[in-house]
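The values are calculated or read from the model by the stated rules, or taken from the named source; none is laboratory data. Everything numeric in this text was worked out from a predicted model, so none of it was measured. Counting neighbours? That spans all protein chains shown, and the Cβs are built from the backbone with ideal geometry, glycine included. With ligands, DNA and RNA removed, areas are computed over all heavy atoms of the protein, side chains included. Shrake-Rupley method; radii C 1.70, N 1.55, O 1.52, S 1.80 Å.
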Amino acid sequence: MDAGLAGLIGAAIGGVLGAGGAVAAAAVTGRGQLRANLGQMQRTARRAVYLPALAEYTDIMKKVDQIWADFVSYYDEDTTPPVAHETSEDLINRISELFHEGPTDTYTAMRLEGPPGVYEQYLQCDAAVGDLLSTLRDSIVTLGRYSDGTFRLINFRPSNMDESVEEIGVRRLNFGMQLDRFTVMAHDAMYRS
(Lines give C-alpha, C1' and ligand atoms only; values in the text may rest on other atoms or scores of the structure.)
Protein backbone atom coordinates (compact mmCIF):
# COMPACT_ATOMS: atom_id res chain seq x y z
CA MET A 1 0.00 0.00 0.00
CA ASP A 2 1.22 3.36 -0.93
CA ALA A 3 2.01 5.81 1.90
CA GLY A 4 -0.21 8.48 0.33
CA LEU A 5 -3.19 6.08 0.19
CA ALA A 6 -2.63 5.00 3.79
CA GLY A 7 -2.52 8.64 4.86
CA LEU A 8 -5.73 9.36 2.97
CA ILE A 9 -7.53 6.40 4.57
CA GLY A 10 -6.23 7.41 7.99
CA ALA A 11 -7.42 10.97 7.48
CA ALA A 12 -10.87 9.74 6.41
CA ILE A 13 -11.21 7.46 9.44
CA GLY A 14 -9.96 10.22 11.74
CA GLY A 15 -12.43 12.68 10.23
CA VAL A 16 -15.34 10.28 10.72
CA LEU A 17 -14.33 9.55 14.33
CA GLY A 18 -13.79 13.24 15.06
CA ALA A 19 -17.21 14.16 13.65
CA GLY A 20 -18.85 11.37 15.66
CA GLY A 21 -17.12 12.59 18.82
CA ALA A 22 -18.26 16.14 18.14
CA VAL A 23 -21.87 14.96 17.68
CA ALA A 24 -21.72 12.91 20.91
CA ALA A 25 -20.23 15.84 22.83
CA ALA A 26 -22.94 18.16 21.52
CA ALA A 27 -25.64 15.68 22.59
CA VAL A 28 -24.21 15.45 26.12
CA THR A 29 -23.90 19.23 26.35
CA GLY A 30 -27.46 19.66 25.05
CA ARG A 31 -28.83 17.24 27.65
CA GLY A 32 -26.97 19.04 30.40
CA GLN A 33 -28.27 22.38 29.20
CA LEU A 34 -31.83 21.00 29.07
CA ARG A 35 -31.51 19.74 32.66
CA ALA A 36 -30.17 23.12 33.78
CA ASN A 37 -33.04 24.95 32.05
CA LEU A 38 -35.66 22.64 33.57
CA GLY A 39 -34.10 23.08 37.02
CA GLN A 40 -34.20 26.86 36.65
CA MET A 41 -37.83 26.75 35.55
CA GLN A 42 -38.70 24.57 38.54
CA ARG A 43 -36.90 26.90 40.98
CA THR A 44 -38.68 29.92 39.47
CA ALA A 45 -42.09 28.22 39.75
CA ARG A 46 -41.44 27.18 43.36
CA ARG A 47 -40.21 30.64 44.28
CA ALA A 48 -43.44 32.10 42.87
CA VAL A 49 -45.44 29.83 45.21
CA TYR A 50 -43.28 29.67 48.34
CA LEU A 51 -42.31 33.32 48.77
CA PRO A 52 -45.89 34.69 48.91
CA ALA A 53 -46.84 31.95 51.41
CA LEU A 54 -43.85 32.85 53.60
CA ALA A 55 -44.68 36.55 53.35
CA GLU A 56 -48.30 35.88 54.30
CA TYR A 57 -47.33 33.86 57.37
CA THR A 58 -44.79 36.47 58.46
CA ASP A 59 -47.48 39.15 58.09
CA ILE A 60 -49.93 37.06 60.14
CA MET A 61 -47.32 36.66 62.89
CA LYS A 62 -46.81 40.43 63.07
CA LYS A 63 -50.56 41.09 63.14
CA VAL A 64 -51.14 38.48 65.85
CA ASP A 65 -48.42 40.06 67.98
CA GLN A 66 -50.03 43.48 67.51
CA ILE A 67 -53.54 42.23 68.33
CA TRP A 68 -52.27 40.53 71.48
CA ALA A 69 -50.30 43.63 72.50
CA ASP A 70 -53.40 45.78 71.94
CA PHE A 71 -55.55 43.43 74.01
CA VAL A 72 -53.07 43.30 76.87
CA SER A 73 -52.79 47.10 76.85
CA TYR A 74 -56.62 47.39 77.13
CA TYR A 75 -56.92 44.69 79.76
CA ASP A 76 -57.29 45.74 83.36
CA GLU A 77 -58.13 43.21 86.06
CA ASP A 78 -59.76 45.87 88.23
CA THR A 79 -62.45 46.90 85.76
CA THR A 80 -65.56 45.07 84.66
CA PRO A 81 -65.66 44.47 81.78
CA PRO A 82 -61.93 44.99 81.38
CA VAL A 83 -62.19 45.69 77.67
CA ALA A 84 -64.91 47.84 76.12
CA HIS A 85 -67.37 46.02 73.88
CA GLU A 86 -66.32 48.04 70.82
CA THR A 87 -62.65 47.29 71.45
CA SER A 88 -63.31 43.56 71.76
CA GLU A 89 -65.40 43.59 68.60
CA ASP A 90 -62.54 45.34 66.79
CA LEU A 91 -59.99 42.80 68.05
CA ILE A 92 -62.23 39.87 67.07
CA ASN A 93 -62.77 41.36 63.60
CA ARG A 94 -59.02 41.78 63.17
CA ILE A 95 -58.48 38.14 64.14
CA SER A 96 -61.25 36.95 61.81
CA GLU A 97 -59.57 38.69 58.88
CA LEU A 98 -56.47 36.53 59.42
CA PHE A 99 -58.25 33.17 59.17
CA HIS A 100 -57.84 31.32 55.89
CA GLU A 101 -61.08 30.70 54.09
CA GLY A 102 -60.23 27.18 53.01
CA PRO A 103 -58.26 25.84 50.07
CA THR A 104 -56.96 28.48 47.70
CA ASP A 105 -54.79 28.50 44.63
CA THR A 106 -51.81 28.46 46.98
CA TYR A 107 -52.73 24.99 48.29
CA THR A 108 -53.00 23.62 44.76
CA ALA A 109 -49.84 25.31 43.51
CA MET A 110 -47.93 24.20 46.61
CA ARG A 111 -48.97 20.62 46.02
CA LEU A 112 -48.12 20.68 42.31
CA GLU A 113 -44.83 22.57 42.41
CA GLY A 114 -43.01 21.20 45.38
CA PRO A 115 -41.93 18.01 46.96
CA PRO A 116 -44.70 16.41 49.06
CA GLY A 117 -42.82 17.21 52.27
CA VAL A 118 -42.97 20.94 51.61
CA TYR A 119 -46.71 20.78 50.97
CA GLU A 120 -47.23 18.73 54.15
CA GLN A 121 -45.22 21.26 56.15
CA TYR A 122 -47.30 24.06 54.62
CA LEU A 123 -50.40 22.30 55.94
CA GLN A 124 -48.72 22.05 59.37
CA CYS A 125 -48.16 25.82 59.28
CA ASP A 126 -51.77 26.37 58.32
CA ALA A 127 -52.99 24.18 61.21
CA ALA A 128 -50.66 25.92 63.66
CA VAL A 129 -51.78 29.40 62.60
CA GLY A 130 -55.44 28.34 62.85
CA ASP A 131 -54.78 27.02 66.36
CA LEU A 132 -53.01 30.25 67.32
CA LEU A 133 -55.82 32.44 65.98
CA SER A 134 -58.52 30.35 67.69
CA THR A 135 -56.67 30.49 71.00
CA LEU A 136 -56.15 34.23 70.63
CA ARG A 137 -59.84 34.76 69.89
CA ASP A 138 -60.87 32.55 72.79
CA SER A 139 -58.51 34.40 75.14
CA ILE A 140 -60.18 37.69 74.30
CA VAL A 141 -63.78 36.50 74.47
CA THR A 142 -65.79 33.66 75.81
CA LEU A 143 -68.17 32.38 73.18
CA GLY A 144 -71.55 30.87 73.93
CA ARG A 145 -73.52 28.80 71.45
CA TYR A 146 -77.16 29.52 70.69
CA SER A 147 -79.53 26.62 70.16
CA ASP A 148 -79.44 27.30 66.40
CA GLY A 149 -75.67 26.68 66.37
CA THR A 150 -74.56 30.28 66.07
CA PHE A 151 -72.18 31.87 68.56
CA ARG A 152 -72.61 34.89 70.75
CA LEU A 153 -70.14 36.77 72.87
CA ILE A 154 -70.64 36.12 76.58
CA ASN A 155 -67.63 37.69 78.18
CA PHE A 156 -64.76 39.90 77.10
CA ARG A 157 -62.31 38.79 79.73
CA PRO A 158 -60.35 35.58 80.07
CA SER A 159 -61.06 33.74 83.29
CA ASN A 160 -57.36 33.61 84.03
CA MET A 161 -55.08 36.07 82.26
CA ASP A 162 -51.92 34.16 83.27
CA GLU A 163 -53.22 30.99 81.61
CA SER A 164 -54.16 32.96 78.52
CA VAL A 165 -50.70 34.49 78.26
CA GLU A 166 -49.13 31.04 78.59
CA GLU A 167 -51.48 29.45 76.03
CA ILE A 168 -50.86 32.21 73.49
CA GLY A 169 -47.11 31.86 74.06
CA VAL A 170 -47.21 28.09 73.47
CA ARG A 171 -49.35 28.42 70.32
CA ARG A 172 -47.17 31.23 68.97
CA LEU A 173 -44.02 29.20 69.61
CA ASN A 174 -45.51 26.20 67.80
CA PHE A 175 -46.49 28.35 64.84
CA GLY A 176 -43.01 29.88 64.78
CA MET A 177 -41.40 26.42 64.77
CA GLN A 178 -43.68 25.20 61.97
CA LEU A 179 -42.93 28.35 59.97
CA ASP A 180 -39.18 27.86 60.48
CA ARG A 181 -39.45 24.27 59.22
CA PHE A 182 -41.47 25.38 56.21
CA THR A 183 -38.91 28.10 55.44
CA VAL A 184 -36.00 25.62 55.54
CA MET A 185 -37.85 23.03 53.46
CA ALA A 186 -38.93 25.64 50.90
CA HIS A 187 -35.36 26.92 50.64
CA ASP A 188 -34.04 23.40 50.12
CA ALA A 189 -36.66 22.68 47.48
CA MET A 190 -35.80 25.88 45.61
CA TYR A 191 -32.03 25.71 45.76
CA ARG A 192 -30.93 22.15 46.40
CA SER A 193 -33.24 20.17 44.14
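Which residues, counting only those in the range 172-182, are open to solvent by 60 Å² or more (accessible area, probe 1.4 Å) and touching a helix residue (DSSP H, G or I) at 6+ places or on another chain (Cβ under 9 Å)?
If we filter the range 172-182 for residues that are open to solvent by 60 Å² or more (accessible area, probe 1.4 Å), which is where we start, we get 172-173, 177, 180-181.
Those that are open to solvent by 60 Å² or more (accessible area, probe 1.4 Å) and touching a helix residue (DSSP H, G or I) at 6+ places or on another chain (Cβ under 9 Å): Arg172, Met177, Arg181.
Based on this model, can you work out whether Gln42 counts as of a type outside the set (A, V, I, L, M) and modelled with pLDDT of 85 or more? Please lay out each step first, then the result.
Details: of a type outside the set (A, V, I, L, M): yes; modelled with pLDDT of 85 or more: no.
Considered against the rule, which asks whether it is of a type outside the set (A, V, I, L, M) and modelled with pLDDT of 85 or more, Gln42 comes out as no.
Which of the residues spanning the range 183-193 are open to solvent by less than 90 Å² (accessible area, probe 1.4 Å) and either part of a helix (DSSP H, G or I) or not polar (S, T, N, Q) (or both)?
Initial filter on the range 183-193 (open to solvent by less than 90 Å² (accessible area, probe 1.4 Å)): 183-190, 193.
Within the range 183-193, Thr183, Val184, Met185, Ala186, His187, Asp188, Ala189, Met190 qualify.
Among the residues in the range 136-154, are any modelled with pLDDT of 90 or more and surrounded by 15 or more Cβ atoms within 10 Å (Cβ to Cβ)? Outline the logic, then answer.
Going residue by residue through the range 136-154, those that are modelled with pLDDT of 90 or more are none.
Looking through the range 136-154, none of the residues is modelled with pLDDT of 90 or more and surrounded by 15 or more Cβ atoms within 10 Å (Cβ to Cβ).
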